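Notes to accompany the following structure.
The values are calculated or read from the model by the stated rules, or taken from the named source; none is laboratory data. Model, not experiment: these values are computed from the prediction. With ideal geometry, Cβ positions are generated from the backbone for all residues, glycine too; neighbour counts draw on all protein chains shown. The protein model used for the area step is the full one, side chains on, heavy atoms only, and it has no ligands, DNA or RNA in it. Shrake-Rupley method; radii C 1.70, N 1.55, O 1.52, S 1.80 Å.
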Amino acid sequence: MSEVILTLNSGSSSLKFAVFESGTSKNTASITGKITEIGRAPQFSARGSDGDMLGKGELSNLNATASHEDIIALLLTWLPQYLGNHRLIAIGHRVVHGGSFFSKPTLVTNEVLEKLETLIPLAPLHQPHNLAAIRAVTKWHSDVPQIACFDTAFHRTQDRLASLFALPRSLSNEGIVRYGFHGLSYEYIASALPQHIGAAAEGRVIVAHLGNGASMCAMSNRKSVATSMGFTALDGLMMGQRCGSLDPGVVLYLMQSKGMSTDQIEDLLYRQSGLLGVSGISNDMQVLQDSNDPHAREAIDLYCFRAANVLAGLVTAIGGLDALVFTAGIGENSAPVRKLICDRLVWMGVHLDDEANDIGAIKISSDQSSVSVLTLPTDEESVVAKACRGLVASNPINSQK
Ligand code: AMP
């Protein structure tokens, strides 16, 4: 009987899942799927590795009141028909925040869950849903090991200076430091890079993960040296609905002069800002690109201006730039955004091949560019699956269950 691993990536309004066969050397999913629009009108879709549709919109019990727990219950009753007699040996979860507790994939126990709960205020958009998924799975598969893989873990290689805020030492000692996020995506890109640029992958690289959430990571020897997100996933780049870096004086002003509550400010910074706030139209880059509204154009321009600014700052942490990689929804798919960002980096030796950029080729820099520019699809699920495989293999008790 062969063995499989299920990966779950539970967000505020979506749940992505993938199934990986455990015994093969290739780390590609045999089933991938997602449930989107949770809390409104949930939509389900799943495909096999050959791209065949396995199911679409067919979890008939789903409605607007379905909780994450209901969604997971439905998924876990749908899945067995496609698993045949494969045995589920581990379930891996993407968990956004591991704080200073966790620097590598970790088997979930009650004690681990308790520690992760203390981090909810630091990632209110993601952590509660990540943990809800773990709890929901426990009800169905209490005998299958669950493994938490952290978005913060990849950045634990950073020097102390890169992680410090200029705040009193006592606060840093308490853990108010820069953690960084999107680590599973960066780990995937770091592992894929050598096959595209050879030894240059070990050089000075910036990866721009531009999705609805967005950050950049400066790497050297394929390890994180500095990153744009900090204590929470609010810092750094302008995002779909999040503001990115902000003068902290603005928050004081909103509290003191406008009398806003902490809940109102949290909602403003996490859900009403970024592309949505500036455009007044949408958090979705594709929608803004298709719009003729000048506010949509200004939102895109600001997004790219800020991205180039942040990138230039990160270059100082690695002393120059050999390669720049765009990934995630916007990074992989938006030629105009890549162009607007790169046009601000010509002074750094970044030159795009416009044709290659327009068709979304892997290498999009021109021959005169001293910096290799690439678009690479990310694959956080495969990183989670690989970690599960490693942890199960190193723990014979789990693999014999
Ligand atoms: P992610 O969070 O990685 O799924 O990325 C979501 C973002 O990618 C949204 O802002 C989408 O509009 C954007 N996106 C996806 N496809 C495209 C595209 N073809 N052109 C521009 N933006 C896109």
Only one of (1) open to solvent by less than 30 Å² (accessible area, probe 1.4 Å); (2) over 20 Å from residue 325 (Cβ atoms) does not apply to residue 164, and that is (1)
Taking residue 306 as the residue in question, decide whether it is part of a helix (DSSP H, G or I), more than 8 Å from the ligand (Cβ to nearest atom) and surrounded by fewer than 18 Cβ atoms within 10 Å (Cβ to Cβ). no
Scanning the stretch 325-344 for residues that are of a type in the set (Lys, Arg) and surrounded by fewer than 18 Cβ atoms within 10 Å (Cβ to Cβ), the one nearest to residue 195 (Cα to Cα) turns out to be 339
Taking interchain pairs and intrachain pairs at least six residues apart, which have beta carbon atoms under 8 angstrom, with the first residue in the stretch 319-343 and over 24 Å from residue 184 (Cα atoms) and the second near the ligand (Cβ under 8 Å from one of its atoms) and open to solvent by 10 Å² or more (accessible area, probe 1.4 Å)? 336/289
Quick check: anything in the stretch 364-374 surrounded by fewer than 14 Cβ atoms within 10 Å (Cβ to Cβ) and either in a helix (DSSP H, G or I) or under 25 Å from the mean Cα position of the chain (by Cα) (or both)? no
Single residue of the stretch 268-285 satisfying the filter (of a type outside the set (A, V, I, L, M) and assigned to a helix (DSSP H, G or I)) that is nearest to the ligand (Cβ to nearest atom): 274
Reported set for the stretch 322-363 where residues are more than 11 Å from the ligand (Cβ to nearest atom), within 23 Å of the chain's Cα centre (by Cα) and outside any helix (DSSP H, G or I) is 323, 324, 325, 326, 361, 362, 363
Please specify each residue of the stretch 90-111 satisfying the condition of being free of Cβ contacts under 8 Å to residues at least 40 places away in the same chain, assigned to a loop (DSSP other than H, G, I, E, B) and not aromatic (Phe, Trp, Tyr). 109
Out of the stretch 203-227, which residues are in contact with a strand residue (DSSP E or B) (Cβ under 8 Å, 6 or more places away or on another chain) and surrounded by fewer than 24 Cβ atoms within 10 Å (Cβ to Cβ)? 203, 204, 220, 222, 224, 225
Counted residues in the stretch 218-246 being over 16 Å from residue 179 (Cα atoms) and either within 16 Å of the ligand (Cβ to nearest atom) or in a loop (DSSP other than H, G, I, E, B) (or both) come to 9
Just to be sure before I move on: is residue 318 within 10 Å of the ligand (Cβ to nearest atom), aliphatic (A, V, I, L, M) and open to solvent by 10 Å² or more (accessible area, probe 1.4 Å) in the structure I sent? no
Name the one entry in 211, 240, 198, 236 that is in contact with a helix residue (DSSP H, G or I) (Cβ under 7 Å, 6 or more places away or on another chain), at positive phi and not β-branched (Val, Ile, Thr). 236
Please state which of the following conditions residue 262 fails to meet, knowing it meets all the rest: (1) open to solvent by less than 70 Å² (accessible area, probe 1.4 Å); (2) β-branched (Val, Ile, Thr); (3) without any contact (Cβ under 8 Å) to a residue 12 or more places away in the chain. (1)
Select from the stretch 114-158 the residues that are open to solvent by less than 50 Å² (accessible area, probe 1.4 Å), at pLDDT 90 or above and either within 17 Å of residue 230 (Cβ to Cβ) or in a loop (DSSP other than H, G, I, E, B) (or both) and list them in ascending order. 119, 127, 144, 145, 150, 151, 152, 153, 154, 155, 158
Out of 55, 92, report the one residue that is open to solvent by less than 70 Å² (accessible area, probe 1.4 Å) and more than 30 Å from residue 215 (Cβ to Cβ). 55
Quick one: count up the residues across the stretch 159-217 that are of a type in the set (Gly, Ala, Ser), part of a loop (DSSP other than H, G, I, E, B) and away from the ligand (no atom under 16 Å from the Cβ). 4
Go through the stretch 274-292 residue by residue and tally those that are in contact (Cβ under 8 Å) with a residue 24 or more places away in the chain, of a type in the set (A, V, I, L, M) and either open to solvent by 40 Å² or more (accessible area, probe 1.4 Å) or touching a Lys or Arg at 6+ places or on another chain (Cβ under 9 Å) (or both). 2
Only listed residue being polar (S, T, N, Q), open to solvent by less than 30 Å² (accessible area, probe 1.4 Å) and not in a helix (DSSP H, G or I), chosen from 65, 7: 7
Please tell me if residue 288 is of a type outside the set (S, T, N, Q), within 16 Å of the ligand (Cβ to nearest atom) and part of a helix (DSSP H, G or I). yes
For the stretch 10-40, how many residues meet the condition of being open to solvent by 50 Å² or more (accessible area, probe 1.4 Å) and not charged (D, E, K, R)? 6
